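Peer 1: Below you'll find the structure I mean.
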Amino acid sequence: MEFLTIDLFKAMLRQALDEIKKREDEFSQLDAVIGDADHGTAIVTALSAAVKAAEKGAEFKSMLNDMGFGVMLETSGSTSTLLGALFLGMADYASGIALDAAGIKTMFSGGLANVMKQTQARIGDKTMMDALIPAVEAMQTFTSGDVRELFKAAAMAARQGAEQTINMKANYGRARNYGERSIGYADSGASSWSCMINAFAECIIK
Ligand SMILES: [Mg+2]
């Protein structure tokens with residue numbers, strides 16, 4: 001596949017929301033280990049706002065802007081700040097109604113750069129960044145122009161990154177206070193963001 005059309009991207013977002021809803025309780029239970037057990041609700045609420053805002057989208061840049069502002073205006077908390085930042089950062093580097101592999105890479109690296117302005121967390125801190133950073137990096141090192149394979153590579157990297165959080169000690173935010181007790185469980189945010197990126201790939205592959 002050579003291009004990601006706007007309609008396909010909307011289908012990917014809907015599939016991501018469906019998959020995240022299925023695992024909502026799991027994400028909240030993971031958050032309960034080192035947090036306040038609200039992550040399932042938070043990510044479903046935030047992504048729902050983005051999907052709703054995307055419905056009328058006719059062009060990548062304005063649609064991603066609407067999604068980012070939709071998330072930030074309709075929901076609150078760190079999950080919505082980070083997801084909103086992703087879409088707003090993507091908006092800065094996307095345009096038109098179809099993107100090739102190079103355009104997708106640029107769009108996601110713009111999204112990651114904007115998320116990095118919102119959080120100091122990096123790889124190894126046991127946060128959603130452990131899924132997002134490897135996924136976007138996998139895209140950047142991918143050399144073929146096949147959009148399907150591009151998302152597959154990102155999904156695999158996100159999954160591996162999320163799995164690696166199981167053995168990590170929380171090193172960011174309030175979760176740091178839990179120290180050793182955080183080891184043995186995947187991070188809720190890394191798990192949900194990995195779920196989202198994997199749903200993107202599954203939607204595009206079928
Ligand atoms: Mg929480």
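Peer 1: Of the residues 128, 139, 116, which is farther than 26 Å from residue 30 by Cα and not polar (S, T, N, Q)? Spell out the reasoning first.
Peer 2: Values: 128 fails: farther than 26 Å from residue 30 by Cα; 116 fails: farther than 26 Å from residue 30 by Cα.
Of the residues listed, the single one that is farther than 26 Å from residue 30 by Cα and not polar (S, T, N, Q) is 139.
Peer 1: Still on this structure, please answer the following. State whether one or more residues within the range 78-87 are in contact with a Leu (Cβ under 6 Å, 6 or more places away or on another chain) and among the aromatic types (Phe, Trp, Tyr).
Peer 2: Within the range 78-87, one or more residues are in contact with a Leu (Cβ under 6 Å, 6 or more places away or on another chain) and among the aromatic types (Phe, Trp, Tyr).
Peer 1: Six or more apart or on different chains, Cβ under 7 Å: which pairs go from a residue in the range 29-48 that's without any contact (Cβ under 8 Å) to a residue 40 or more places away in the chain to one that's within 9 Å of the ligand (Cβ to nearest atom) and of a type in the set (D, E, K, R)? Could you list them?
Peer 2: Cβ pairs passing all conditions: 37/31; 38/31.
Peer 1: Within the range 127-142, identify whether any single residue is over 30 Å from residue 7 (Cβ atoms), surrounded by fewer than 21 Cβ atoms within 10 Å (Cβ to Cβ) and in contact with a helix residue (DSSP H, G or I) (Cβ under 8 Å, 6 or more places away or on another chain), and answer yes or no.
Peer 2: no
Peer 1: For the range 89-107, enumerate the residues that are more than 16 Å from residue 144 (Cβ to Cβ) and either aliphatic (A, V, I, L, M) or surrounded by 22 or more Cβ atoms within 10 Å (Cβ to Cβ) (or both).
Peer 2: The answer is 89, 90, 91, 94, 97, 98, 107.
Peer 1: For residues in the range 1-51 being more than 14 Å from the ligand (Cβ to nearest atom) and outside any helix (DSSP H, G or I), which is nearest to residue 62 (Cα to Cα)?
Peer 2: The residue in question is 5.
Peer 1: If you don't mind, there's one more thing I want to ask. Taking the condition of being more than 15 Å from residue 127 (Cβ to Cβ) and buried (at least 19 other Cβ atoms within 10 Å of the Cβ), how many residues in the range 154-175 meet it?
Peer 2: 4
Peer 1: Could you say which residue among 122, 148 is in a helix (DSSP H, G or I), away from the ligand (no atom under 16 Å from the Cβ) and modelled with pLDDT of 95 or more?
Peer 2: Within the list 122, 148, the selection yields 148.
Peer 1: Quick one: which of 158, 154, 121, 131 is in contact with a Leu (Cβ under 9 Å, 6 or more places away or on another chain) and closer than 19 Å to residue 196 by Cβ?
Peer 2: Criteria check complete, one pass: 158.
Peer 1: To continue, here is another question. For residues that are charged (D, E, K, R), over 16 Å from the mean Cα position of the chain (by Cα) and closer than 21 Å to residue 111 by Cα, tally how many sit in the range 139-188.
Peer 2: So in the range 139-188, the residues charged (D, E, K, R) come out as 146, 148-149, 152, 159, 163, 169, 174, 176, 180-181, 187.
Next, from what is left, pick out any that are over 16 Å from the mean Cα position of the chain (by Cα): 146, 148-149, 169, 174, 176, 180-181.
Checking which are closer than 21 Å to residue 111 by Cα leaves us with 146, 148-149.
Of the residues in the range 139-188, 3 are charged (D, E, K, R), over 16 Å from the mean Cα position of the chain (by Cα) and closer than 21 Å to residue 111 by Cα.
Peer 1: Mind checking which residues of the range 52-79 are of a type in the set (S, T, N, Q), away from the ligand (no atom under 16 Å from the Cβ) and not in a helix (DSSP H, G or I)? Walk me through it before giving the result.
Peer 2: At the first step, the residues of the range 52-79 found to be of a type in the set (S, T, N, Q) are 62, 65, 75-76, 78-79.
Imposing the further condition that a residue be away from the ligand (no atom under 16 Å from the Cβ) reduces the set to 62, 65.
The answer is none; no residue qualifies.
Peer 1: Can you tell me which residue is surrounded by the most Cβ atoms within 10 Å (Cβ to Cβ) among those in the range 11-53 that are at pLDDT 95 or above and β-branched (Val, Ile, Thr)?
Peer 2: Per the stated criteria, the residue is 43.
Peer 1: Go through the range 176-194 residue by residue and tally those that are of a type outside the set (Phe, Trp, Tyr), surrounded by 23 or more Cβ atoms within 10 Å (Cβ to Cβ) and assigned to a helix (DSSP H, G or I).
Peer 2: 6
The values are calculated or read from the model by the stated rules, or taken from the named source; none is laboratory data. Please read these numbers as outputs of a predicted model, since none were measured by experiment. Counting neighbours? That spans all protein chains shown, and the Cβs are built from the backbone with ideal geometry, glycine included.
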